[in-house]
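Step one of this worksheet: look at the structure below.
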Amino acid sequence: MERKADTRWMEVGPIYPGGTVMALAAYAGEKGDIILAATQTGIFRSEDGGQSWKKANEGLPTLQISALAFSPDGTAFAGGLSGGIAISPNAGESWYAARSAGLDQPVTAIAPSPRYAEDATLLVGTDGGGVMRSDDRGNHWSPANFRLMDLSVLAIVCAPEWGRHEDVFVATASGVYRSTNGGRAWRGMGEGLEDKVVQALAISPNYAHDHTLFAGTEANGVYRSMDGGLTWSPSGAGTEGTTVNTLWVSPNFAQDRLVLAGTASGILHSTDGGDTWHPVYQNEDMPLTMAGTATVVCAGTVEQGILRSTDGGQNWAISNSGLAARAFLRTLTVAKHPGLVLAFGPQEGLVVSTDGGKSWQPVPGLAEYLPLNTFTAANQGADKPPLFIVSTQDGHILRSADGGQEWTPCAVGIPATVLVFDRSGQRVWAATGDGYLFTSRNAGVSWEGLPRAPFTGEQVLSVAPSPFVEEDHTLLVGSLAQEGTKARLWRSQDDGRSWDLIYETTTEVPWLALTAVPVRGRRPYDRAVLGAGRTCIVATGQRKDTWMTVPVGEDNASVLSLVVDSRTRAVYAGTNLGLYRSQDTGRTWHPVAGPLEGQAILDIQLDEEDHSLVILVPGGTLWRYRL
């Protein structure tokens with residue numbers, strides 16, 4: 001019997017499509033061109049040459065992917081910022097973590113041997129560890145740095161054929177190095193590249209005959225070598241003084257002489273092997289990486305996602321269908337404002353939707369203050385725009401009483417990482433990353449410091465006023481101590497003048513979520529839930545001020561966000577494994593069935609007007625769950 005779809009779930013869609021793409025890899029498969037894209041939310045895969053995209057994170061040990069590559073047989077490789085290699089035998093559909101013994105540094109580039117299927121050899125560039133080599137498909141690694149004088153590798157390429165020589169080239173801040181024995185020993189190359197920071201390399205597919213390489217420099221444009229890297233010279237007119245982030249050479253270079261350069265100001269195009277260059281795409285979409293086949297080329301950009309060309313790089317169009325990889329971290333709804341949803345990311349700033357999340361506009365006036373730390377908002381009345389307050393990383397608190405049209409600095413020197421209003425919209429609290437608390441009693445117009453608390457010096461990640469703070473004067477704080485391994489729940493019953501440590505527990509995940517349950521007339525001790533990694537700190541419910549930790553589910557789910565349904569007092573937890581619900585103030589939890597089972601949920605908010613949960617998943621896609 002077919003399971004009926006749960007109509008309570010609705011995918012609203014991405015806030016903005018696209019996102020920053022750090023690495024690309026392309027493979028001309030038998031059924032079509034396969035492109036892989038590494039983003040801030042893992043890997044996206046395209047089976048139609050970059051026209052449409054799907055997440056491809058199954059089996060990845062980390063989503064922080066910094067390098068991608070294909071071997072000639074279609075095996076895909078992904079390197080992480082935390083070190084290690086993931087391998088896909090099915091061209092990126094699914095992954096497994098290689099043992100990666102000895103590979104601990106961030107991976108910056110990957111170069112499989114041209115004979116990988118036979119010799120099982122991989123070379124990777126790292127940030128600080130130089131070149132590492134594996135001869136057993138990534139299980140064991142050893143340094144390959146003999147005579148390599150710069151151990152921060154920015155790019156690495158292998159010659160497309162390994163015959164008598166196994167030529168490999170690496171780019172560093174001190175030029176280009178060459179190895180003729182598969183990375184076992186290096187010699188400094190680059191007459192003509194002295195004192196140039198080289199951050200991109202590309203090699204001719206016909207290298208065995210034309211000995212041609214291209215180097216992209218940090219501030220001096222494109223350089224070319226036509227003698228296997230012995231000497232270098234500026235590559236023709238049109239790239240002088242340009243910052244080059246990425247290079248791509250056509251698979252048919254021997255015939256079409258096509259080379260592309262992604263620069264800080266757009267894309268440059270050459271059809272004469274680099275003798276002359278012409279701009280073909282100039283926009284704010286700065287390319288960071290390129291990959292392609294004989295029929296399609298894709299460029300990964302800062303923030304805007306994927307650019308795609310099917311005519312050899314002459315014309316480009318954004319191609320983000322299915323690719324949502326923005327760095328939005330939080331959402332917020334505002335009482336008495338139906339359809340209003342706010343979304344926040346440190347670099348994305350603050351964006352607003354007035355139709356429940358279907359369409360979005362940036363809140364103006366904040367571009368000069370990026371990056372932001374956090375934000376909050378409050379209702380000023382149904383006939384007035386909401387009140388916004390944001391905190392910047394350089395310590396400013398800004399306030400807008402007209403829905404974001406104009407911003408007024410109201411505090412300096414408070415790098416708040418937490419901002420929260422009470423229900424009245426008049427009282428606001430700010431907490432800094434090192435445990436200092438500030439408050440405003442006039443909706444953020446002026447601020448005062450609260451007395452030094454016992455958690456000063458700890459990392460405060462959550463502040464929750466009691467739903468009836470004007471009556472019971474209760475504040476709750478969640479902090480991390482001992483280098484993020486100890487989660488602590490604190491309580492004040494005198495508006496933050498003095499504090500008691502309620503409970504502490506060890507945690508493996510440096511993320512806290514805190515909520516206060518509205519139970520009027522009760523003592524404060526049974527009104528809080530603190531999510532601390534794989535457990536929650538909750539009251540025992542025995543009308544005593546006693547607390548305990550409970551797991552969220554049976555699969556060791558880690559709590560990322562918490563919210564309370566004010567009508568039923570049910571508590572909902574967004575975790576790395578989906579949505580969970582507790583109907584006894586956090587003492588027992590059950591998964592909520594639906595399309596997000598097993599998926600990460602960054603943030604959940606209660607939309608009181610719609611009586612639904614607004615759910616944010618990595619990449620900036622919104623869902624709604626009807627309560």
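The values are calculated or read from the model by the stated rules, or taken from the named source; none is laboratory data. Remember, it's a predicted structure, so these values are computed and weren't measured experimentally. Here the Cβ is made from the backbone with ideal geometry for all residues, glycine too, and neighbour counts use every protein chain on show.
Please determine whether any residue of region 241-257 is within 16 Å of V21 (Cβ to Cβ) and either part of a loop (DSSP other than H, G, I, E, B) or among the hydroxyl-bearing types (S, T, Y) (or both). Checked region 241-257: at least one residue is within 16 Å of V21 (Cβ to Cβ) and either part of a loop (DSSP other than H, G, I, E, B) or among the hydroxyl-bearing types (S, T, Y) (or both).
Rundown of residues vs (1) touching a Lys or Arg at 6+ places or on another chain (Cβ under 8 Å); (2) basic (K, R), yes/no style:
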residue	(1), (2)
R427	yes, yes
T432	no, no
S440	yes, no
P451	yes, no
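Let's see how each residue does on (1) under 21 Å from T289 (Cα atoms); (2) in a strand (DSSP E or B); (3) touching a His at 6+ places or on another chain (Cβ under 7 Å):
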{"residue": "G129", "(1), (2), (3)": "no, no, no"}
{"residue": "R133", "(1), (2), (3)": "no, yes, no"}
{"residue": "R147", "(1), (2), (3)": "no, no, no"}
{"residue": "V153", "(1), (2), (3)": "yes, yes, no"}
{"residue": "I156", "(1), (2), (3)": "yes, yes, no"}
{"residue": "P160", "(1), (2), (3)": "yes, no, no"}
{"residue": "G163", "(1), (2), (3)": "no, no, no"}
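Outside the structural domain of S71 (by TED's automatic domain parsing), part of a loop (DSSP other than H, G, I, E, B), under 30 Å from G574 (Cα atoms) and touching a Gly at 6+ places or on another chain (Cβ under 9 Å) - does that describe any residue in region 306-316? There is no residue in region 306-316 that is outside the structural domain of S71 (by TED's automatic domain parsing), part of a loop (DSSP other than H, G, I, E, B), under 30 Å from G574 (Cα atoms) and touching a Gly at 6+ places or on another chain (Cβ under 9 Å). Scanning region 188-226 for residues that are at pLDDT below 95, over 32 Å from the mean Cα position of the chain (by Cα) and in a loop (DSSP other than H, G, I, E, B), we see that the one that is nearest to V157 (Cα to Cα) is G190. Within the bounds of region 523-537, is there any residue that is of a type in the set (G, A, S), closer than 24 Å to P618 by Cα, outside any loop (DSSP other than H, G, I, E, B) and in contact with a strand residue (DSSP E or B) (Cβ under 7 Å, 6 or more places away or on another chain)? Checked region 523-537: at least one residue is of a type in the set (G, A, S), closer than 24 Å to P618 by Cα, outside any loop (DSSP other than H, G, I, E, B) and in contact with a strand residue (DSSP E or B) (Cβ under 7 Å, 6 or more places away or on another chain). Inside region 353-392, residues that are in a strand (DSSP E or B) and loosely packed, with under 15 Cβ neighbours inside 10 Å make up a count of 2.
Filter region 146-179 for residues that are over 31 Å from the mean Cα position of the chain (by Cα) and closer than 22 Å to A101 by Cα; which is surrounded by the most Cβ atoms within 10 Å (Cβ to Cβ)? The selected residue is L148. Applying the set (1) of a type in the set (S, T, Y); (2) touching a Gly at 6+ places or on another chain (Cβ under 7 Å); (3) surrounded by fewer than 24 Cβ atoms within 10 Å (Cβ to Cβ) to T75 leaves exactly one unmet item: (2).
Tell me which residues, restricted to region 329-352, are of a type outside the set (A, V, I, L, M), in a strand (DSSP E or B) and either within 21 Å of D422 (Cα to Cα) or over 22 Å from the mean Cα position of the chain (by Cα) (or both).
Of everything in region 329-352, those that are of a type outside the set (A, V, I, L, M), in a strand (DSSP E or B) and either within 21 Å of D422 (Cα to Cα) or over 22 Å from the mean Cα position of the chain (by Cα) (or both) turn out to be R330, T331, T333, F344.
Taking region 274-305 only, how many residues are of a type in the set (V, I, T), within 20 Å of I43 (Cβ to Cβ) and in a loop (DSSP other than H, G, I, E, B)? Qualifying residue count, region 274-305: 3.
Where strands (runs of 3 or more DSSP E) fall wholly inside region 421-516, the ranges with 1 or more residues that are surrounded by fewer than 19 Cβ atoms within 10 Å (Cβ to Cβ) and of a type in the set (A, V, I, L, M, F, W, C) are 475-481, 500-506. Among residues of region 201-217 that are closer than 12 Å to D167 by Cα and in contact (Cβ under 8 Å) with a residue 40 or more places away in the chain, those with a beta-carbon under 8 Å from a residue that is assigned to a loop (DSSP other than H, G, I, E, B) and acidic (D, E) at least six positions away or on a different chain give the pairs Y207/E161; Y207/D167; A208/E161. Quick one: in region 596-627, which of the residues that are at positive phi and within 22 Å of the chain's Cα centre (by Cα) is surrounded by the fewest Cβ atoms within 10 Å (Cβ to Cβ)? The residue in question is G598.
Within region 453-489, the residues that satisfy the criterion of being under 19 Å from T549 (Cβ atoms), of a type in the set (D, E, K, R) and in contact (Cβ under 8 Å) with a residue 24 or more places away in the chain are E458, R488. Taking the conditions (1) buried (at least 20 other Cβ atoms within 10 Å of the Cβ); (2) under 17 Å from T108 (Cβ atoms) in turn, Q40 satisfies each one other than (1). Checked against the criterion of being of a type in the set (V, I, T), in contact (Cβ under 8 Å) with a residue 40 or more places away in the chain and on the phi < 0 side of the Ramachandran plot, the candidates V552, V592, V571 yield just one match: V571. Would you pick out the residues in region 135-145 that are assigned to a loop (DSSP other than H, G, I, E, B), polar (S, T, N, Q) and within 30 Å of the chain's Cα centre (by Cα)? Within region 135-145, just N139 meets the criteria.
Conditions tested, residue by residue: (1) of a type outside the set (A, V, I, L, M); (2) at pLDDT 95 or above; (3) over 29 Å from R441 (Cα atoms).
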| residue | (1), (2), (3) |
| --- | --- |
| S492 | yes, yes, no |
| V509 | no, no, yes |
| V519 | no, no, no |
| Q542 | yes, no, yes |
| G553 | yes, no, yes |
| V559 | no, yes, yes |
| L562 | no, yes, no |
| L579 | no, yes, yes |
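The listed residues are A299, A343, and the only one of them that is hydrophobic (A, V, I, L, M, F, W, C), crowded, with 17+ Cβ neighbours inside 10 Å and within 21 Å of A67 (Cβ to Cβ) turns out to be A299.
Counting only residues that are touching a residue at least 12 places away in the same chain (Cβ under 8 Å) and surrounded by fewer than 24 Cβ atoms within 10 Å (Cβ to Cβ), how many does region 251-262 have?
Selection size over region 251-262: 7.
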